[in-house]
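I have placed the structure first, in the form of C-alpha coordinates, so that the comments after it can refer back to it.
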Amino acid sequence: MAESISKRVGRIISGSINAIVDAVEDSAPEMVMEQALREIDSAVDDVRAELGKVVAEKHLANKRLSEKNKKHEELSGQIEMAVNEGRDDLAEAAIEAQLDIEAQIPVLEHTIGECGDKEKELEGFINALHAKKREMQDELKEYRKARKESDAIAAGGDASSGGASAQKRA
(Lines give C-alpha, C1' and ligand atoms only; values in the text may rest on other atoms or scores of the structure.)
Protein backbone atom coordinates (compact mmCIF):
# COMPACT_ATOMS: atom_id res chain seq x y z
CA MET A 1 0.00 0.00 0.00
CA ALA A 2 1.31 3.45 -0.89
CA GLU A 3 2.51 5.69 1.89
CA SER A 4 0.04 8.46 2.69
CA ILE A 5 1.10 12.02 1.96
CA SER A 6 1.00 13.06 5.62
CA LYS A 7 3.12 10.07 6.69
CA ARG A 8 5.57 10.67 3.85
CA VAL A 9 5.94 14.36 4.70
CA GLY A 10 6.32 13.52 8.40
CA ARG A 11 9.01 10.96 7.64
CA ILE A 12 10.91 13.40 5.43
CA ILE A 13 10.66 16.32 7.86
CA SER A 14 11.67 14.28 10.90
CA GLY A 15 14.64 12.68 9.15
CA SER A 16 18.03 14.25 8.80
CA ILE A 17 20.85 13.98 6.34
CA ASN A 18 23.07 12.38 8.97
CA ALA A 19 20.50 9.71 9.77
CA ILE A 20 20.06 8.94 6.09
CA VAL A 21 23.80 8.77 5.47
CA ASP A 22 24.40 6.64 8.59
CA ALA A 23 21.65 4.25 7.54
CA VAL A 24 23.21 3.54 4.15
CA GLU A 25 26.50 1.77 4.62
CA ASP A 26 29.08 1.63 1.83
CA SER A 27 27.17 4.14 -0.29
CA ALA A 28 28.37 7.46 -1.51
CA PRO A 29 27.03 9.90 1.09
CA GLU A 30 26.76 12.74 -1.40
CA MET A 31 24.61 10.62 -3.72
CA VAL A 32 22.39 9.64 -0.79
CA MET A 33 21.97 13.31 0.14
CA GLU A 34 21.11 14.25 -3.43
CA GLN A 35 18.57 11.41 -3.59
CA ALA A 36 16.98 12.69 -0.37
CA LEU A 37 16.63 16.12 -1.99
CA ARG A 38 15.01 14.52 -5.06
CA GLU A 39 12.61 12.68 -2.76
CA ILE A 40 11.58 16.01 -1.24
CA ASP A 41 10.92 17.42 -4.72
CA SER A 42 8.83 14.36 -5.53
CA ALA A 43 6.89 14.72 -2.27
CA VAL A 44 6.23 18.40 -3.00
CA ASP A 45 4.89 17.42 -6.44
CA ASP A 46 2.60 14.81 -4.86
CA VAL A 47 1.34 17.25 -2.22
CA ARG A 48 0.70 19.90 -4.88
CA ALA A 49 -1.29 17.38 -6.94
CA GLU A 50 -3.38 16.52 -3.88
CA LEU A 51 -3.80 20.23 -3.12
CA GLY A 52 -5.09 20.78 -6.66
CA LYS A 53 -7.72 18.07 -6.16
CA VAL A 54 -8.81 19.58 -2.85
CA VAL A 55 -9.05 23.08 -4.32
CA ALA A 56 -11.13 21.72 -7.22
CA GLU A 57 -13.42 19.81 -4.83
CA LYS A 58 -13.87 22.94 -2.72
CA HIS A 59 -14.65 25.01 -5.81
CA LEU A 60 -17.24 22.50 -7.01
CA ALA A 61 -18.87 22.34 -3.56
CA ASN A 62 -19.02 26.16 -3.45
CA LYS A 63 -20.57 26.24 -6.90
CA ARG A 64 -23.12 23.60 -5.95
CA LEU A 65 -23.95 25.45 -2.71
CA SER A 66 -24.52 28.65 -4.67
CA GLU A 67 -26.81 26.80 -7.09
CA LYS A 68 -28.77 25.24 -4.22
CA ASN A 69 -29.21 28.61 -2.48
CA LYS A 70 -30.40 30.17 -5.73
CA LYS A 71 -32.85 27.32 -6.34
CA HIS A 72 -34.10 27.62 -2.73
CA GLU A 73 -34.87 31.32 -3.32
CA GLU A 74 -36.63 30.55 -6.62
CA LEU A 75 -38.77 27.94 -4.87
CA SER A 76 -39.75 30.50 -2.22
CA GLY A 77 -41.18 32.71 -4.95
CA GLN A 78 -42.94 29.77 -6.56
CA ILE A 79 -44.44 28.72 -3.24
CA GLU A 80 -45.81 32.21 -2.66
CA MET A 81 -47.27 32.33 -6.15
CA ALA A 82 -48.83 28.86 -5.83
CA VAL A 83 -50.43 29.76 -2.47
CA ASN A 84 -51.81 33.02 -3.93
CA GLU A 85 -53.34 31.08 -6.83
CA GLY A 86 -54.77 28.42 -4.50
CA ARG A 87 -52.54 25.69 -5.94
CA ASP A 88 -51.71 23.87 -2.73
CA ASP A 89 -50.41 20.86 -4.69
CA LEU A 90 -47.78 23.02 -6.40
CA ALA A 91 -46.91 24.76 -3.15
CA GLU A 92 -46.51 21.38 -1.44
CA ALA A 93 -44.20 20.08 -4.18
CA ALA A 94 -42.06 23.24 -3.99
CA ILE A 95 -41.89 22.97 -0.19
CA GLU A 96 -40.71 19.37 -0.50
CA ALA A 97 -38.03 20.48 -2.96
CA GLN A 98 -36.97 23.22 -0.54
CA LEU A 99 -36.71 20.71 2.30
CA ASP A 100 -34.51 18.51 0.11
CA ILE A 101 -32.27 21.48 -0.61
CA GLU A 102 -32.18 22.42 3.08
CA ALA A 103 -30.98 18.89 3.85
CA GLN A 104 -28.16 19.19 1.29
CA ILE A 105 -26.89 22.64 2.29
CA PRO A 106 -25.24 21.59 5.61
CA VAL A 107 -23.49 18.71 3.85
CA LEU A 108 -22.10 21.07 1.21
CA GLU A 109 -21.05 23.58 3.87
CA HIS A 110 -19.31 20.78 5.79
CA THR A 111 -17.52 19.64 2.63
CA ILE A 112 -16.34 23.20 1.97
CA GLY A 113 -15.04 23.47 5.55
CA GLU A 114 -13.22 20.14 5.34
CA CYS A 115 -11.67 21.13 2.03
CA GLY A 116 -10.53 24.42 3.53
CA ASP A 117 -8.91 22.60 6.45
CA LYS A 118 -7.25 20.07 4.13
CA GLU A 119 -6.05 22.90 1.89
CA LYS A 120 -4.36 24.63 4.85
CA GLU A 121 -2.81 21.34 5.97
CA LEU A 122 -1.39 20.62 2.51
CA GLU A 123 -0.04 24.15 2.17
CA GLY A 124 1.65 23.63 5.54
CA PHE A 125 3.17 20.39 4.23
CA ILE A 126 4.56 22.22 1.20
CA ASN A 127 6.06 24.94 3.39
CA ALA A 128 7.59 22.35 5.74
CA LEU A 129 9.05 20.39 2.82
CA HIS A 130 10.58 23.54 1.34
CA ALA A 131 12.10 24.39 4.73
CA LYS A 132 13.49 20.86 5.08
CA LYS A 133 14.91 21.04 1.56
CA ARG A 134 16.72 24.29 2.36
CA GLU A 135 18.08 22.71 5.55
CA MET A 136 19.27 19.63 3.67
CA GLN A 137 20.84 21.75 0.92
CA ASP A 138 22.78 23.65 3.59
CA GLU A 139 23.92 20.35 5.13
CA LEU A 140 24.98 19.10 1.70
CA LYS A 141 26.99 22.29 1.12
CA GLU A 142 28.66 21.83 4.52
CA TYR A 143 29.44 18.20 3.68
CA ARG A 144 30.98 19.17 0.34
CA LYS A 145 32.98 21.94 1.99
CA ALA A 146 34.26 19.58 4.71
CA ARG A 147 35.14 16.94 2.12
CA LYS A 148 36.96 19.51 0.00
CA GLU A 149 38.93 20.70 3.04
CA SER A 150 39.69 17.10 3.99
CA ASP A 151 40.86 16.33 0.47
CA ALA A 152 43.03 19.48 0.48
CA ILE A 153 44.58 18.52 3.83
CA ALA A 154 45.18 14.97 2.61
CA ALA A 155 46.75 16.26 -0.60
CA GLY A 156 48.85 18.75 1.37
CA GLY A 157 49.89 15.99 3.79
CA ASP A 158 50.99 13.77 0.92
CA ALA A 159 53.06 16.57 -0.57
CA SER A 160 54.71 17.46 2.73
CA SER A 161 55.44 13.84 3.62
CA GLY A 162 56.80 13.27 0.14
CA GLY A 163 59.12 16.24 0.62
CA ALA A 164 60.29 14.97 4.01
CA SER A 165 61.17 11.57 2.63
CA ALA A 166 63.07 13.23 -0.21
CA GLN A 167 65.07 15.19 2.37
CA LYS A 168 65.85 11.98 4.33
CA ARG A 169 67.15 10.33 1.21
CA ALA A 170 69.48 13.24 0.52
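A compact table of results
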{"quantity": "Prolate/oblate/rounded label for the stretch 71-143 (Cα gyration tensor, a/c 1.5)", "calculated": "prolate"}
{"quantity": "With DNA, RNA and ligands ignored, accessible area of Arg64 (1.4 Å probe; Å², nearest 10)", "calculated": "110 Å²"}
{"quantity": "Loop-located GluC sites (Glu not before Pro) in the stretch 61-160, at most 13 other Cβ atoms within 10 Å (DSSP)", "calculated": "Glu85"}
{"quantity": "Where Asp88, Asp41 fall by accessible area, highest first, once all protein chains stay in place (1.4 Å)", "calculated": "Asp88, Asp41"}
{"quantity": "Cα-projected label distance for Arg64 with Leu90, points at 7 Å along beta-carbon direction, nm", "calculated": "3.0 nm"}
{"quantity": "Accessible area (Å², 1.4 Å probe, nearest 10) - His130", "calculated": "60 Å²"}
{"quantity": "Efficiency of FRET from Cβ geometry, Val55 and Glu80, R₀ 45 Å, rounded to 0.05", "calculated": "0.70"}
{"quantity": "Lys71 versus Arg147: modelled label distance in nm, points set 7 Å from Cα along the beta carbon direction", "calculated": "6.2 nm"}
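The values are calculated or read from the model by the stated rules, or taken from the named source; none is laboratory data. Quantities reported herein were computed from a predicted structural model and do not represent experimental measurements. Cβ: placed from backbone, ideal geometry, glycine included. Neighbour counts: every protein chain shown. We work out accessible area using only protein heavy atoms, side chains counted, and drop any ligands, DNA or RNA first. Shrake-Rupley method; radii C 1.70, N 1.55, O 1.52, S 1.80 Å.
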